[in-house]
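Here is the structure we will look at.
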Amino acid sequence: LDQYHSERGDFRVPVPAGTYRVVVTRGPEFSHLAREVTVAAGEEMLFKGTLQRLVDTAGWVSSDYHNHSTQSGDNTCGTPDRLINLAAEHVEFAPTTEHNRLYDWRPWIERLGLADQLQTVKGIE
């Protein structure tokens with residue numbers, strides 16, 4: 001409802017006039033940005049900043065071994081959305097673990113241009 005994930009780090013979100021708390025993250029290895037912003041009706045606002053890497057993980061790979069998308073049949077997260085979420089949170093390896101079917105996220109990862117950030121292997125749960 002109120003979370004947005006981007007494979008490139010940029011996006012546009014139409015919102016009604018009001019005051020919002022904006023938090024930008026990229027997983028536990030990076031700093032975050034948090035600001036309160038007020039948007040007037042019809043106004044376009046630019047929220048910009050740079051996240052700093054706080055943890056040196058050279059020689060390590062961040063992984064998440066249990067993820068599902070709509071292919072599993074038990075949630076409403078589309079496959080591209082799940083992969084964008086993983087990349088946005090700096091998960092570098094996530095095996096495909098859809099329920100009751102051998103599936104491969106690699107074609108989706110390549111279509112989204114995330115192959116430099118996220119790797120997978122075919123899998124099943």
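When a/c is below 1.5 the answer is rounded, else prolate if a/b is larger than b/c, else oblate, so apply that to the range 29-89 with a ≥ b ≥ c taken from the square roots of the Cα gyration tensor eigenvalues. Oblate shape, in that a/c is at least 1.5 and b/c is the bigger or equal ratio.
Sequence-ordered 3J(HN,Hα) estimates for the range 17-26 from the Karplus curve with 6.51, -1.76 and 1.60 and θ = phi - 60° stand at 3, x, 10, 10, 9, 9, 10, 10, 10, 8 Hz, glycine and proline given as x.
Given their separation in residues at 0.36 nm each and the Cα-Cα distance between them, GLU125 and ARG111 gain 2.7 nm when the chain is fully extended. The amide H of PHE30, built 1.01 Å from its N in the peptide plane, has LEU54 as neighbours under 5 Å, considering only residues 5 or more places off or on other chains. The residues of the chain expose on average 68 square angstrom of accessible surface per residue, using a 1.4 Å probe on protein heavy atoms.
Loop exposure criterion: trypsin sites (Lys or Arg not before Pro), DSSP state outside H, G, I, E and B, at most 10 other Cβ atoms within 10 Å. Applied to the chain, the longest stretch between such sites is 49-125.
To the nearest ten degrees, helix 79-88 and the longest principal axis of the Cα atoms of the chain are 70 degrees apart. Taking amide H positions as modeled 1.01 Å from N, with prolines and chain starts lacking one, the residues under 5 Å from GLN119 and 5 or more places away or on another chain are PHE93, ALA94. How would you classify the range 4-125 from its alpha-carbon gyration tensor, with a ≥ b ≥ c the square roots of the eigenvalues: rounded for a/c under 1.5, else prolate if a/b is greater than b/c, otherwise oblate? Oblate. Residues whose amide H lies under 5 Å from that of ASN67, counting only those 5 or more places away or on a different chain, are THR97; hydrogens are built 1.01 Å from N in the peptide plane. The chymotrypsin sites (Phe, Trp or Tyr not before Pro) of the range 1-72 that DSSP puts in a loop, and whose beta carbon has at most 16 other beta carbons within 10 Å, are TYR4, PHE11, PHE47, TRP60, TYR65. Rolling a 1.4 Å probe over the protein heavy atoms of the chain, with every protein chain left in place, gives an accessible area that is 52 percent carbon and sulfur.
Note on the chain: with a GNM built from Cα contacts shorter than 10 Å, the maximum mean-square fluctuation among ALA94, ALA115, ALA34 falls on ALA34.
The values are calculated or read from the model by the stated rules, or taken from the named source; none is laboratory data. Since the structure is predicted, the reported quantities are computational estimates derived from the model, not experimental observations. Positions of Cβ are backbone-derived with ideal geometry, glycine not excepted, and every protein chain shown enters the neighbour counts. Ligands, DNA and RNA are stripped out before the accessible areas are found, and what is left, the full protein with its side chains, is counted by its heavy atoms. Shrake-Rupley method; radii C 1.70, N 1.55, O 1.52, S 1.80 Å.
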